[in-house]
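Visitor: Sending over a structure as structure tokens; questions will come in a sec.
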Amino acid sequence: MTSPVADDTAVREFFDLVTRELHQALSLFQETAASILDQSGVCLTPPSPSWFSLENHFFSALFLYSYIQGRIPEDRRIYYAAMNQCLRGMVTGCDNILDDEYKITLDTDLPESAAKFRSILDIMVCDRVLTALMVKGEKAGCFSRDQLLTANTVSLHALLKSGAQEASEEQGVVTTLLPEAVLSDIHSVKTGLLFQAPWALPEALEGPDLAPPDRIKEGLALVGVGCQVMDDMVDLARDLETRRHNYVASLICHTSGEDETFRLNRMLEQGGPVSAKRDLLNEFPRARKQAANKARAFLKEGCGMLFAPEHGSMIPFAVDFVARRIGADRFQDLAP
């Protein structure tokens, strides 16, 4: 990823710092995973240089940025960034199983057809890598044994509330909540807390010297909810079919006008797979515009709380990158 503001010295220098430290953290994660899988019968494919790019690890870079903003020393924040890759791998593995898909965490020689087992392997290996990294950190003098025992529990608790929310929707929901209720009761837990999870380990391991990260965590939560709204835009058809909470569906049912509500109800009454409509959202222009504005507002506010003043020029770039990454940029209302 090329810095979008190459003439901004402060941003360029910070951009280079994040890139370098992210590469170290990802290398530590990969090397530890490779050592765990060694002689197991499953081979880990060495990553290509492009795998380490910020395009592939934008959110990991964002969390690492938050550690720098929180003034965590470099040696320990690299450990935290590597540990966060473990949490990310466990979450992705669980999502893969629940959504019956496969997004790669560990590239192994297992066949692509073995998607469920690959997800299970990702979860098992990432859990063991997390433990191994904690032990390495203790041997390096970064953490104490008592801190590690606490962190082992904290790392699980950090993911459970979000996971429990996902589980509550697994059999489908019967009520279409009001839009603000979706944001406050569902998305703030499902994704807002998930985006705060990378701070669970630093808060457990840094001790009393850690500066309170409240503003940083609030910013991350807002970014997470903004991302979830964009996900809802992209996944509208699938969420309708599987009866999941969806902010856009709630807008259509409650606030975007009787004509859009009638159109959606008619589609559902007619039956058939609405998931075949990839850009279903375009049939509901008012809901699309409302959702796009809300997503962008959350992302701008969250990045504004997270980014240092001298890095403010990165905010529009970050918002646009997230939209492209999620696939919501094809909805034109997301244009600046």
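The values are calculated or read from the model by the stated rules, or taken from the named source; none is laboratory data. Worth saying up front: this structure is predicted, and the values here are computed from it rather than measured. Note that we place each Cβ from the backbone using ideal geometry, even for glycine, and neighbour counts take in every protein chain shown. Accessible surface is based on the protein model in full, side chains and every heavy atom, while ligands, DNA and RNA are left aside. Shrake-Rupley method; radii C 1.70, N 1.55, O 1.52, S 1.80 Å.
Visitor: Hey, how many Å between the Cα centroid of segment 85-159 and the Cα centroid of segment 182-219?
Guide: 19
Visitor: Still on this structure, I have one more. From the square roots a ≥ b ≥ c of the eigenvalues of the alpha-carbon gyration tensor of segment 1-81, which class results: rounded (a/c under 1.5), prolate (a/b over b/c), or oblate?
Guide: The shape class here is oblate.
Visitor: Let me ask something else about it. Å³ per residue of the Cα convex hull, for the chain? List each step's numbers first, then the result.
Guide: Values: hull volume 46.0 nm³, N = 336.
Given the Cα convex hull of the chain, per-residue volume reads 137 Å³.
Visitor: Are there cysteines in the chain with no second cysteine's Cβ under 4.7 Å away, and if so, which?
Guide: Lacking a cysteine Cβ partner under 4.7 Å: 43, 94, 142, 227, 253, 303.
Visitor: Please give the charge dipole size of the chain, origin at the Cα centre, charges +1 on K and R Cβ atoms and -1 on D and E Cβ atoms. Round to the nearest 20 debye.
Guide: 120
Visitor: Ok, one more. Which of 174, 91, 11 moves the most in a Gaussian network model of the chain with Cα springs under 10 Å?
Guide: Comparing 174, 91, 11 in the GNM, the peak value goes to 174.
Visitor: Using Cα springs under 10 Å in a Gaussian network model of the chain, which residue among 184, 144, 113 shows the largest mean-square fluctuation?
Guide: Most flexible of the set in this elastic network: 113.
Visitor: At 7 Å along Cα-to-Cβ for each site, give me the label-to-label distance between residue 140 and residue 325 in nm.
Guide: With each label point 7 Å from Cα toward Cβ, the separation is 2.4 nm.
Visitor: Which peptide among 282-290, 102-110, 56-64 comes first, and what is the full order, when sorted by highest mean count of other Cβ atoms within 10 Å?
Guide: Per-residue Cβ counts within 10 Å, averaged per peptide and sorted highest first, yield 56-64, 282-290, 102-110.
Visitor: Whenever you get a sec, compute what percent of the accessible area on segment 8-147 sits on carbon and sulfur atoms (1.4 Å probe).
Guide: 54
Visitor: Sticking with this one: May I ask for the percentage of alpha-carbon pairs in segment 172-335 that lie more than 25 Å from each other?
Guide: Details: 4688 of 13366 pairs.
Considering segment 172-335, 35 percent of its Cα-Cα pairs are separated by more than 25 Å.
Visitor: Where does each of 227-235, 12-20 land if you order them by average Cβ count within 10 Å, highest first?
Guide: In descending order of packing, they fall as 227-235, 12-20.
Visitor: Also: Going down the table (161/289; 190/294; 217/300; 136/161), which pairs top 20 Å between alpha carbons?
Guide: Among 161/289; 190/294; 217/300; 136/161, the Cα-Cα distance tops 20 Å for 161/289; 136/161.
Visitor: Leaving ligands, DNA and RNA out of it, report the carbon-plus-sulfur percent of the accessible area of segment 182-309 at a 1.4 Å probe.
Guide: In segment 182-309, the share of accessible area belonging to carbon and sulfur is 50 percent.
Visitor: Sticking with this one: For residue 213, what charge total do you get from the other residues with a beta carbon under 15 Å from its beta carbon, if Lys and Arg give +1 and Asp and Glu give -1?
Guide: Residues close to residue 213 contribute a combined charge of 0.
Visitor: More than 17 Å apart: what percent of Cα pairs in segment 8-147 qualify? Let's see the in-between values first.
Guide: Working: 6002 of 9730 pairs.
In whole percent, the share of Cα-Cα pairs in segment 8-147 beyond 17 Å is 62.
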